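What follows is a short report on a single structure.
The values are calculated or read from the model by the stated rules, or taken from the named source; none is laboratory data. Given the structure is predicted, the values throughout are model-derived calculations rather than measurements. Glycine also receives a Cβ, built like all others from the backbone with ideal geometry; neighbour counts cover every protein chain displayed. Accessible surface areas use protein heavy atoms only, side chains included; no ligands, DNA or RNA. Shrake-Rupley method; radii C 1.70, N 1.55, O 1.52, S 1.80 Å.
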Amino acid sequence: MKIPFVDLHAQYLTIKPEIDAAIQDVITNSAYIRGPHVDKFEKLWSEAMGMKHCVSCANGTDAIYILMRGLGIKPGDEVITTSHSWISTTETITQAGGKVVFVDSEYDTFNLNAAQIESKITSRTVGIIPVHLYGQPADMEAVMAIAKKHKLWVIEDCAQSHLARFKGKLVGTFGDAATFSFYPGKNLGAYGDAGGLVTNDDKLADWCATYARHGGKGEHMMEGINSRLDGLQAAILNVKVPHLQKWTEARRTVAARYNELLAGVGDLVTPKVAANRDHVYHLYVIRTEKRDALKKYLGDAGIGTVLNYPKALPFYPAYAYLGHQTSDFPVSYANSSRILSLPIFPEMTDEMIQYVANSIKAFYAAGR
Ligand SMILES: *Cc1c(COP(=O)(O)O)cnc(C)c1O
């Protein structure tokens, strides 16, 4: 048996007639840039989120950058975020002129440790970017209380957390605005790069939409950038949005089955979900001291696994200039050598899940 880490083709086959028709419609109408499919997507996604505005753009990274510019970040402004994420969360802070300030992650949830935020606040701090990593909500109650007290903005990085909830409320609806990636492998994925942001702030939405499109069509109100969602990607996303809830539930079913089959196996730590969180399992991440050997064993058994991510952000060469020690972020540092993401996607069959679990059990049974 071969189990890929994700199988985007399996999902395509379940919606092929709708996708093929949507793509054909874009071509028939030459609706390549902007146009009805993009307008429809912005409406569908703002409605799905219960937010006033969705501004689509080229990818999830741009969405973070555009928002920080819209929130008026100035050179030297400090932004606090997690040490355990994908680099989009932090490279955009620097691109926008800001300074990246890391906090450690929590052991249980992998998310930013809110209890450490206040110790990092200075007179230059302007905002916080919590990431709902792997699909589990960060502690938005704590983050919002700190933001309110210190008058900071909050951008939620929801690239991995479409439809996840904290205390029953959708993530992405807590902060000033939230960003989404619709990269193919994300829980809601296009067939190329795609992204967007949501907000209830009319002025912010208008500024971001203008900035992302060369600073305005016809009259250039300012210099902007070119970051557009294209019609083909929007048409594909429009087909997928109505299926997202069902796919999210399927991911939860896979995760629950893994939890059941992997309980008490070897030294494995299966994902822990904190109270009041509805996890959407973009990734199913286990931890073990024998990570590298297990990864190799599973690879030999035809099972695709990934490291999300091989290092905590402060320890990449890109952030060497900050001069951090591993002891500055002990949880993120320890996790990076233990984490392993197992295959998870809505179309996984029980047979596939059992094959993965049995292979892991065989690894430990062989005394490795
Ligand atoms: C995927 C991802 C992004 C950026 O998305 P792109 O669409 O690839 O630019 C941002 N933050 C996190 C946490 C992500 O996983």
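Can you confirm whether the stretch 224-238 contains a residue that is at pLDDT below 95, of a type outside the set (D, E, K, R) and closer than 19 Å to M68 by Cβ?
No, the stretch 224-238 contains no residue that is at pLDDT below 95, of a type outside the set (D, E, K, R) and closer than 19 Å to M68 by Cβ.
Kindly check whether there is at least one residue in the stretch 125-132 that is away from the ligand (no atom under 14 Å from the Cβ) and open to solvent by 10 Å² or more (accessible area, probe 1.4 Å).
Scanning the stretch 125-132 turns up at least one residue that is away from the ligand (no atom under 14 Å from the Cβ) and open to solvent by 10 Å² or more (accessible area, probe 1.4 Å).
For the list (1) touching a residue at least 12 places away in the same chain (Cβ under 8 Å); (2) open to solvent by 20 Å² or more (accessible area, probe 1.4 Å); (3) outside any helix (DSSP H, G or I), I need the number of the one condition that G367 fails.
Checking G367 against (1) touching a residue at least 12 places away in the same chain (Cβ under 8 Å); (2) open to solvent by 20 Å² or more (accessible area, probe 1.4 Å); (3) outside any helix (DSSP H, G or I), the one that fails is (1).
State whether the residues of the stretch 144-152 include one that is modelled with pLDDT of 95 or more, outside any loop (DSSP other than H, G, I, E, B), within 16 Å of the ligand (Cβ to nearest atom) and not acidic (D, E).
Scanning the stretch 144-152 turns up no residue that is modelled with pLDDT of 95 or more, outside any loop (DSSP other than H, G, I, E, B), within 16 Å of the ligand (Cβ to nearest atom) and not acidic (D, E).
For the stretch 141-165, give me the residue count where each residue is surrounded by fewer than 24 Cβ atoms within 10 Å (Cβ to Cβ) and touching a residue at least 24 places away in the same chain (Cβ under 8 Å).
Number of matching residues: 11.
Among the candidates G172, G216, which residue alone is closer than 21 Å to L67 by Cα and within 14 Å of the ligand (Cβ to nearest atom)?
Among G172, G216, only G172 is closer than 21 Å to L67 by Cα and within 14 Å of the ligand (Cβ to nearest atom).
Which condition breaks for E118 when tested against (1) open to solvent by 40 Å² or more (accessible area, probe 1.4 Å); (2) more than 25 Å from F5 (Cβ to Cβ); (3) within 13 Å of the ligand (Cβ to nearest atom); (4) not basic (K, R)?
Checking E118 against (1) open to solvent by 40 Å² or more (accessible area, probe 1.4 Å); (2) more than 25 Å from F5 (Cβ to Cβ); (3) within 13 Å of the ligand (Cβ to nearest atom); (4) not basic (K, R), the one that fails is (3).
For A164, are the conditions met, namely being outside the structural domain of A312 (by TED's automatic domain parsing) and either within 16 Å of the ligand (Cβ to nearest atom) or in contact with a Lys or Arg (Cβ under 7 Å, 6 or more places away or on another chain) (or both)?
Judged against the criteria, A164 is a match.
Within the stretch 199-219, is even one residue in the same structural domain as L307 (by TED's automatic domain parsing) and more than 19 Å from Q136 (Cβ to Cβ)?
No.
I87 - would you say it is within 14 Å of the ligand (Cβ to nearest atom), open to solvent by 40 Å² or more (accessible area, probe 1.4 Å) and not hydroxyl-bearing (S, T, Y)?
yes
Six or more apart or on different chains, Cβ atoms under 6 Å: show the pairs whose first residue is in the stretch 240-268 and surrounded by fewer than 17 Cβ atoms within 10 Å (Cβ to Cβ) and whose second is at pLDDT below 95 and not small (G, A, S).
Listed pairs, sorted by first residue: none to list.
May I ask you to say which residue of F174, F180 is open to solvent by 30 Å² or more (accessible area, probe 1.4 Å), outside the structural domain of T248 (by TED's automatic domain parsing) and under 29 Å from K74 (Cβ atoms)?
None of the others qualify; the one that does is F174.
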